[in-house]
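Only one structure is covered here, and it is reproduced in the block below.
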Amino acid sequence: MPLRIATNQTTTGITYNLGTLDNLYVPVRVSSVSTGDNSVLGSGGGHKVVVSGNLFGAHIGIELGSAQTDSGNSVLVNAGGSVDGFDNGINLSAKNGRITNHGSISSVGSAIVVGGELNTTDKIVIANFGTIAGYNGIFFASGTGVINNFGVISSDPNNTAIFTDAGDDIVRNHGNIAGTVRLFSGNDKLINRGTIVGDVKLEANNDVLDNRGGLIDGQIDMGSGDDRFRPGSNADFADGGAGIDTLDFSDAGSIKVALDGSFAFTGVAIGDSYAQFENILGSRTETNTLVGDENDNALIGGGDKDTLSGLGGADRLISGFGNDILLGGSEDDLLNGGDGADRLTGGSGEDTLTGGGGADLFLFGPGDFSGITRNTSDYIADFSRASGDKINLAAVDAKAGTATNDAFTFIGTAAFQNVAGELRISFVETSPGFFDTLILGDTNGDGTADFGITLASQITLLATDFVL
């Protein structure tokens, strides 16, 4: 691996033309300039260029690799060193390459270009502790990028500070980025602990944006795909785009968030604006108030007292520890209270209710029933008298047409007697020797059921199992 030492010189052609495996060192206070071409051109792979001085190319400052088989090229720019090119500062076209910058990489065009014949699985690592600046900052034409920024990456106004292509790219920012960050197709991940002044666009596939501890002064577009956004404590303006997208507050404190915009957000979400998100993961340890919208939502609570409200759509409401309130909506919802003494209301639609541990209350009101058979009625999956569970029908008028809200009369397994307000149970065989329990209510006295509720397994209910 021959090592070449740069000297002070100005050429009109390529200043340093490296053969395969040739390395180059540019010492401090050495300036090498090409007024008509690249300062450094290295064909093949295995090159290492270390810059402690200054390189300038009228075309490209440093260009390494060109073929799909080229591998292992690297550039290290030390503090006080600089690489500048009119078209590109550095052009790296070999897989398994690395650029580490403690100095300055700049260009009138793109400061760094990664491309050529790279496959989407070919990885290039860029670690920046200095300054990368150009019309575009970092531009991946192919390959997969791993970008770690502790310095400054900037583009001209309204241009792209970071652009990646079809690979599963990872960008970690602990410094400052000025310009648009655009991660194209691929399952990309952007972790921001610094500042981004510009828009963030994550485009296609299933992406993750973690902005905890960071600031994004611009619009966030998660793009198509099933994406996850972890908001920061500053005001975020995020659009989930197409797909099933999730707001993740699992590591945050207490929050209040409504996807339908029905109230002002609190906690880390204060001042935020969200559009086209379907799911919310609430705080794992603090109180959550989560409200959905007219889409199919998944609202996941945590370890304290949660209030989850699904509104329209076929929703999944799942809470954890604590005494929680779960409110379904107008379609077929799934509610799971977890541990604690929970209050579950399915709403209209054919709902499935699971109380979990603790003394749970299953509440029903007028219009909350979907059918009178096992296959069409609301379903309670884990009713337990021993745990203190109750079925609350107090809001349902047992006798239609009267001026008062009448209570039901529980008659056990007896048949209806054509008396309004009767409540009975029957057992429905689900498979040989196995039964579910069907609760039936007659509100008009015609001897037939007007609503039904199904309980998993055969349970000989008592009047004390109800709030009538």
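The values are calculated or read from the model by the stated rules, or taken from the named source; none is laboratory data. Because the structure is a prediction, the values reported are computed rather than measured. Neighbour counts run over all protein chains shown; Cβ positions are idealised from the backbone, glycine included.
See the values below:
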item: Residue tally, condition of a type outside the set (A, V, I, L, M, F, W, C), crowded, with 17+ Cβ neighbours inside 10 Å and in a strand (DSSP E or B), over segment 62-89; result: 7
item: Selection count, segment 8-33, where residues are within 18 Å of SER52 (Cβ to Cβ) and assigned to a strand (DSSP E or B); result: 10
item: Hits in segment 281-293 - residues which are under 9 Å from LEU259 (Cβ atoms) and assigned to a loop (DSSP other than H, G, I, E, B); result: GLY292, ASP293
item: Extreme residue, surrounded by the most Cβ atoms within 10 Å (Cβ to Cβ), among residues of segment 255-275 that are of a type in the set (Phe, Trp, Tyr) and touching a residue at least 24 places away in the same chain (Cβ under 8 Å); result: TYR274
item: Of all residues in segment 223-238 being buried (at least 19 other Cβ atoms within 10 Å of the Cβ) and without any contact (Cβ under 8 Å) to a residue 40 or more places away in the chain, the one that is farthest from THR195 (Cα to Cα); result: GLY225
item: Residues of segment 240-254 classified as surrounded by 23 or more Cβ atoms within 10 Å (Cβ to Cβ) and either polar (S, T, N, Q) or within 15 Å of ASP304 (Cβ to Cβ) (or both), total; result: 2
item: Only one of ASP339, ASP333 that is in contact with a Phe, Trp or Tyr (Cβ under 6 Å, 6 or more places away or on another chain), touching a residue at least 12 places away in the same chain (Cβ under 8 Å) and either under 22 Å from LEU363 (Cα atoms) or not hydrophobic (A, V, I, L, M, F, W, C) (or both); result: ASP339
item: ASN176 being over 21 Å from the mean Cα position of the chain (by Cα) and at pLDDT below 95; result: no
item: Failed item, numbered, when THR376 is tested on (1) outside any strand (DSSP E or B); (2) within 30 Å of the chain's Cα centre (by Cα); result: (2)
item: Residue list for segment 156-173, filter: surrounded by 24 or more Cβ atoms within 10 Å (Cβ to Cβ), farther than 18 Å from TYR135 by Cβ and at pLDDT 95 or above; result: ASP169, VAL171, ASN173
item: Candidate set: segment 90-108, residues that are modelled with pLDDT of 95 or more and in a loop (DSSP other than H, G, I, E, B); chosen: the one surrounded by the fewest Cβ atoms within 10 Å (Cβ to Cβ); result: VAL108
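Conditions tested, residue by residue: (1) under 14 Å from the mean Cα position of the chain (by Cα); (2) assigned to a strand (DSSP E or B); (3) at pLDDT 95 or above; (4) over 26 Å from SER154 (Cβ atoms).
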residue: GLU203; (1), (2), (3), (4): yes, no, no, no
residue: ILE220; (1), (2), (3), (4): yes, yes, yes, no
residue: ALA238; (1), (2), (3), (4): yes, yes, yes, no
residue: ALA242; (1), (2), (3), (4): yes, no, yes, yes
residue: ASP251; (1), (2), (3), (4): yes, no, yes, yes
residue: VAL257; (1), (2), (3), (4): no, yes, yes, yes
residue: GLY261; (1), (2), (3), (4): no, no, yes, yes
residue: PHE277; (1), (2), (3), (4): yes, no, yes, yes
